[in-house]
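Reading through the structure tokens given below for one structure.
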Ligand code: ADP
Ligand code: MG
């Protein structure tokens with residue numbers, strides 16, 4: 001699932017004349033279409049994308065669907081246009097085409113669009129087992145594999161593609177070519193998820209196999225206990241019965257010579273027996289502070305790193321988590337989180353959970369502003385800690401959506417016009433200024449800006465931004481206007 005894949009060139013229109021929404025027929029038809037679509041789409045996705053939408057017109061065979069936010073346009077075209085058309089055609093055979101129009105006036109305006117939260121109420125929540133360990137036959141302790149960690153719900157991006165592919169290969173053929181499999185990378189980037197998902201996948205195919213997942217701390221404790229109870233032989237025998245041994249975070253075996261020695265022997269025995277070993281650490285084998293004979297064993301197999309996800313991957317992860325948690329959040333909120341929580345996925349999830357709490361405990365729908373406040377607070381409280389995962393908060397309060405809104409208000413043009421096609425100066429200039437502010441003050445990428453502005457090419461955005469950069473050097477009035485806008489958005493240093 002790639003939310004920002006290049007769109008098919010589709011008949012889209014941003015400036016179609018808007019029909020009167022009072023037309024009951026349109027509302028009824030839209031409700032019928034939504035009724036058909038809802039069961040085909042995960043609820044969280046459905047609510048996210050169809051909230052505040054409306055059928056605004058029908059001209060000959062063309063249905064004009066109104067969307068409340070410019071950023072949802074692309075997604076609708078990519079994911080829902082065909083489905084919507086098909087459904088509409090089943091209900092009304094004269095329909096030939098779906099076109100979209102962005103109409104920000106639809107947002108939270110109950111008179112103009114159906115209340116789909118009410119019409120499609122929430123179902124039941126899933127439950128997660130509270131147990132954390134299993135004692136397996138032969139007395140080996142394995143942590144319970146979290147069933148929610150699957151290879152299928154792991155979002156693949158450039159930073160983790162190789163690691164994910166290696167895990168899939170191991171799941172298909174444990175003890176085969178990729179043995180041992182060694183994954184490394186910083187905290188919160190998905191190593192544990194991948195390790196457990198691989199264990200889950202193997203168990204699904206071979207339910208009787210002994211898959212043991214343990215952390216290096218637990219392994220150490222077991223060694224210490226076995227030594228204390230003089231049951232070392234028994235410990236070794238047990239571990240040799242394992243089919244798949246997964247050890248998470250082996251960097252913590254540093255300075256634990258006795259445990260390293262035991263692990264070395266266990267590893268060798270399993271390896272000789274073509275049993276799969278999967279290991280993770282926060283750095284590559286060569287940089288681990290472990291015995292050489294151990295690290296050289298790790299280097300024998302497949303080594304893959306897991307690095308920080310890019311914007312698109314972060315957004316896709318958020319959409320996946322939202323789906324899993326069966327909640328719905330505005331796309332603008334998800335984009336805001338993806339834009340600002342950059343370092344690791346755990347932070348990303350943390351903020352998402354805050355949003356969920358806000359929604360569940362206070363019955364408040366998270367908005368970009370409330371999320372910005374949460375992030376600001378988190379960032380402040382933890383500013384002394386490393387790895388917080390966000391950029392400086394001061395410049396980060398406004399969102400790109402707000403920049404666009406502020407620019408359209410300031411220059412008295414509509415949001416439709418600002419994202420539209422018109423090249424009249426009165427409209428072009430505010431559009432270029434919004435792009436300039438988005439790029440310079442919010443650090444939004446050219447590509448992303450292009451997508452938000454009706455899928456313009458990033459080079460178009462780049463030249464717009466350059467144009468404003470140049471123009472404000474020679475035009476003090478324009479400079480004042482841009483600064484005034486930035487001030488309004490609290491983006492001035
Ligand atoms: P690590 O072990 O590298 O510190 P985790 O595996 O614990 O990281 O990941 C932290 C959280 O982020 C987990 O909840 C995990 O499900 C989630 N996560 C990380 N990467 C991804 C991804 N690519 N797709 C989906 N979820 C991810
Ligand atoms: Mg981990």
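Every residue in region 300-312 that is more than 16 Å from ligand 2 (Cβ to nearest atom) and under 26 Å from residue 157 (Cβ atoms), please.
Here is the first cut: in region 300-312, the ones more than 16 Å from ligand 2 (Cβ to nearest atom) are 300-303, 310-312.
Across region 300-312, the qualifying residues are 301, 302, 303, 310, 311, 312.
Being under 25 Å from residue 167 (Cα atoms), within 23 Å of the chain's Cα centre (by Cα), assigned to a helix (DSSP H, G or I) and without any contact (Cβ under 8 Å) to a residue 60 or more places away in the chain is a property that holds for residue 318.
Can you confirm whether region 186-200 contains a residue that is buried (at least 18 other Cβ atoms within 10 Å of the Cβ) and farther than 28 Å from residue 287 by Cα? Yes, that holds for at least one residue. Candidates in region 283-310 are the residues that are within 14 Å of ligand 1 (Cβ to nearest atom) and touching a helix residue (DSSP H, G or I) at 6+ places or on another chain (Cβ under 6 Å); of these, the one that is nearest to residue 330 (Cα to Cα) is 306.
Considering only region 152-170, state which residues are in a loop (DSSP other than H, G, I, E, B) and either buried (at least 17 other Cβ atoms within 10 Å of the Cβ) or within 7 Å of ligand 1 (Cβ to nearest atom) (or both). Break it down into steps so the answer makes sense when it comes.
Start the filter on region 152-170 by keeping residues that are in a loop (DSSP other than H, G, I, E, B), which leaves 152-160.
Scanning region 152-170 gives 153, 154, 155, 156, 157, 159, 160.
Every test in (1) assigned to a loop (DSSP other than H, G, I, E, B); (2) at pLDDT below 85 is passed by residue 117 save one, and that test is (1). Being within 16 Å of ligand 2 (Cβ to nearest atom) and under 14 Å from residue 313 (Cβ atoms) is true of residue 163. Among the residues of region 28-68, those that are modelled with pLDDT of 90 or more and in a helix (DSSP H, G or I) comprise 28, 29, 30, 31, 32, 33, 34, 35, 36, 37, 38, 50.
For region 76-96, how many residues are touching a residue at least 60 places away in the same chain (Cβ under 8 Å) and out of contact with any helix residue (DSSP H, G or I) (no Cβ under 6 Å at 6 or more places or on another chain)? Let's see the steps before the verdict.
Here is the first cut: in region 76-96, the ones touching a residue at least 60 places away in the same chain (Cβ under 8 Å) are 77-78, 81, 91-92.
Next cut, out of contact with any helix residue (DSSP H, G or I) (no Cβ under 6 Å at 6 or more places or on another chain) only: 77-78, 81, 92.
Residues that pass the stated criteria total 4.
Among the residues making up region 69-105, those that are assigned to a strand (DSSP E or B) and surrounded by 20 or more Cβ atoms within 10 Å (Cβ to Cβ) are 98, 100, 101, 102. Restricting 250, 242, 333, 277 to those that are buried (at least 23 other Cβ atoms within 10 Å of the Cβ), at pLDDT below 95 and touching a strand residue (DSSP E or B) at 6+ places or on another chain (Cβ under 9 Å) reduces the list to 242. Here residue 485 clears all of (1) touching a helix residue (DSSP H, G or I) at 6+ places or on another chain (Cβ under 6 Å); (2) in contact (Cβ under 8 Å) with a residue 60 or more places away in the chain; (3) outside any helix (DSSP H, G or I) except the condition numbered (3).
The values are calculated or read from the model by the stated rules, or taken from the named source; none is laboratory data. Just so it is clear, the model here is predicted, and its values are computed rather than measured. All Cβ positions, glycine included, derive from the backbone under ideal geometry; neighbour counts span all protein chains shown.
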